[in-house]
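Here is the structure we will look at.
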Amino acid sequence: MRAIKILHLYPDRMNIYGDFGNIITLQKRMEWRGIKSTYHPVSIGDDLKGEYDIIFMGGGQDRGQQLVAKDLLLKSDIIHDHARRGTPILAICGAYQLFGKYFVTSEGEKLPGIGLFDLVTRASDQRMIGNLVVQNDVFGEMVGFENHSGETELLDGSLALGKVLKGFGNTSQSIGEGIIQGNSIGTYMHGSFLPKNPKVADFLIEKAVHKIEPNFVLKNLDDSLENKTLQSIINLTN
Ligand code: GLN
């Protein structure tokens, strides 16, 4: 099988609270299975070239989002086209917000999003910070670290990634956290997210591999350390 191409959007501008660890997790979990991957960082002014198999974008402060929002619109059609064809996408926090219809910053500036996710986000006067524990029927309990003032409203029957068990999530009062739409996931969970949530990492890898070889079977990895970490954070989070 050819190498899996990982597109990383704005690693120089949108990458906080360990978000790069998501890239490392994808690379390692493929390497441990003998699957080759190539890494494609793209930032402001860079063209997207050809076909990617996984698309990732991390979070950032309002300032970082202001810097990338216009350029992201130029890449919108290609991102939408990839999503339509089932390319797995992971967007963390500030990216999650910009993959919606718009994000109103703490200074009241309305940043246009690419509208991949049916949601809108408005900065609030509360910073939602701390460990998040979120329950999803397929992925089980997931953990991450949130730090955002943005409150995200899911529109038109969009599906939350999961139910908030501990922490804030999409809003300060919300029941739901993040979004899942086809093979695209948006979440407020930094930390890095994927190292502690191997089921989500393998979901993204499997979708990417199956685009090339539909019958490829991902062999199981020993996730005892990952799951121990996951459980210890759940236990720690009051
Ligand atoms: N600047 C956005 C907010 O505060 C996103 C923050 C982030 O990516 N951690 O809501």
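Observations on the structure shown:
- Yes/no for Ile79 being assigned to a loop (DSSP other than H, G, I, E, B), farther than 19 Å from Phe193 by Cα and either in contact with a His (Cβ under 9 Å, 6 or more places away or on another chain) or β-branched (Val, Ile, Thr) (or both): no
- Long-range neighbours under 9 Å by Cβ, at least six apart or interchain, first residue closer than 11 Å to Gly150 by Cα and near the ligand (Cβ under 7 Å from one of its atoms) within the stretch 89-102, second aliphatic (A, V, I, L, M) and modelled with pLDDT under 95: Cys93/Ile16; Gly94/Ile16
- Screening Gly186 on (1) touching a Phe, Trp or Tyr at 6+ places or on another chain (Cβ under 7 Å); (2) crowded, with 19+ Cβ neighbours inside 10 Å; (3) in a helix (DSSP H, G or I) shows it passes everything except condition (3).
- For the stretch 64-77, the criterion of being farther than 18 Å from Asp46 by Cβ and touching a residue at least 40 places away in the same chain (Cβ under 8 Å) is satisfied by at least one residue.
- Strands (runs of 3 or more DSSP E) enclosed by the stretch 100-162 - at least 1 residues per element that are within 18 Å of the chain's Cα centre (by Cα): 102-104, 119-136, 140-154
- Taking the stretch 210-238 as the range and being touching a residue at least 24 places away in the same chain (Cβ under 8 Å) and either over 24 Å from Met30 (Cβ atoms) or over 23 Å from the mean Cα position of the chain (by Cα) (or both) as the test, the residues that pass are Glu213, Phe216, Lys219, Ile233, Ile234, Leu236, Thr237, Asn238.
- Residue under evaluation Gln61, criteria (1) within 20 Å of His148 (Cα to Cα); (2) in contact (Cβ under 8 Å) with a residue 60 or more places away in the chain, criterion not met: (2)
- Residue in the stretch 88-98 that is surrounded by fewer than 20 Cβ atoms within 10 Å (Cβ to Cβ) and either hydrophobic (A, V, I, L, M, F, W, C) or within 16 Å of Val68 (Cα to Cα) (or both) present: no
- Single condition Phe168 does not satisfy, out of (1) surrounded by 15 or more Cβ atoms within 10 Å (Cβ to Cβ); (2) in contact (Cβ under 8 Å) with a residue 60 or more places away in the chain; (3) within 16 Å of the ligand (Cβ to nearest atom); (4) of a type outside the set (D, E, K, R): (2)
- Here Asp202 meets the list (1) modelled with pLDDT of 95 or more; (2) touching a strand residue (DSSP E or B) at 6+ places or on another chain (Cβ under 9 Å); (3) surrounded by 16 or more Cβ atoms within 10 Å (Cβ to Cβ) almost entirely, failing just condition (2).
- Candidates Gly64, Gly59, Gly34, filtered to the one that is on the phi > 0 side of the Ramachandran plot and not in a strand (DSSP E or B): Gly34
- Residue within the stretch 68-75 that is within 25 Å of Asn170 (Cβ to Cβ) and part of a loop (DSSP other than H, G, I, E, B) present: yes
- Residue within the stretch 184-192 that is within 22 Å of Asp222 (Cα to Cα) and touching a residue at least 12 places away in the same chain (Cβ under 8 Å) present: yes
- Some residue of the stretch 171-178 being crowded, with 18+ Cβ neighbours inside 10 Å, modelled with pLDDT under 95 and outside any strand (DSSP E or B): yes
- Restricting the stretch 142-159 to residues that are out of contact with any helix residue (DSSP H, G or I) (no Cβ under 9 Å at 6 or more places or on another chain) and under 16 Å from Leu116 (Cβ atoms), the residue that is farthest from the ligand (Cβ to nearest atom) is Gly157.
The values are calculated or read from the model by the stated rules, or taken from the named source; none is laboratory data. Computed from a predicted structure; not experimentally measured. Ideal geometry is used to build each Cβ from the backbone, glycine not excepted, and the neighbour counts take in all protein chains shown.
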